[in-house]
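**Student:** Can you keep this structure in mind? I'll have questions shortly.
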Amino acid sequence: MSLPPMLLSDLIIEHSEVSMFVDLLVAIRKRAEQGERYMLEVDLKPDYPDTPRNWEFLIEEAFVWGER
């Protein structure tokens, strides 16, 4: 049986040390490499000072491609 999608909000809470969008992408890539979940649900916009306009695309790209 497959696991439910990973919520972006849960990942942000889990990595409370992250304070920049670029560091959030690193955390997402590392989680993607673990391969536990096949889907990521983007349930909120990250509230970091460096969050770019294309943040959704970058988050999805980080999750799909991992650390490759």
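**Student:** Could you list, ordered by first residue, the pairs with Cβ atoms under 6 Å in which the first is in the stretch 38-51 and under 14 Å from F21 (Cα atoms) and free of Cβ contacts under 8 Å to residues at least 60 places away in the same chain and the second is part of a loop (DSSP other than H, G, I, E, B) and among the hydrophobic types (A, V, I, L, M, F, W, C), at least 6 apart or interchain?
**Tutor:** Partner pairs satisfying both residue conditions: Y48/M20; D50/M20.
**Student:** Could you list all residues from the stretch 57-68 that are surrounded by 13 or more Cβ atoms within 10 Å (Cβ to Cβ) and either at pLDDT 90 or above or under 20 Å from S19 (Cβ atoms) (or both)?
**Tutor:** L58, I59, E60, E61, A62, F63
**Student:** Restricting to the stretch 38-51, and then to whatever is loosely packed, with under 11 Cβ neighbours inside 10 Å and farther than 13 Å from L7 by Cα, can you tell me which residue is farthest from the chain's Cα centre (by Cα)?
**Tutor:** P49
**Student:** Scanning the stretch 4-37 for residues that are assigned to a helix (DSSP H, G or I) and among the polar types (S, T, N, Q), which turns out farthest from the chain's Cα centre (by Cα)?
**Tutor:** Here is the first cut: in the stretch 4-37, the residues assigned to a helix (DSSP H, G or I) are 8-14, 21-34.
Next cut, among the polar types (S, T, N, Q) only: 9, 34.
Numbers: S9: 9, Q34: 13 Å.
By that ranking, first place goes to Q34.
The values are calculated or read from the model by the stated rules, or taken from the named source; none is laboratory data. Everything quoted here is computed from the prediction, not taken from an experiment. Cβ sites come from the backbone with ideal geometry, for glycine too, and all protein chains shown count toward neighbours.
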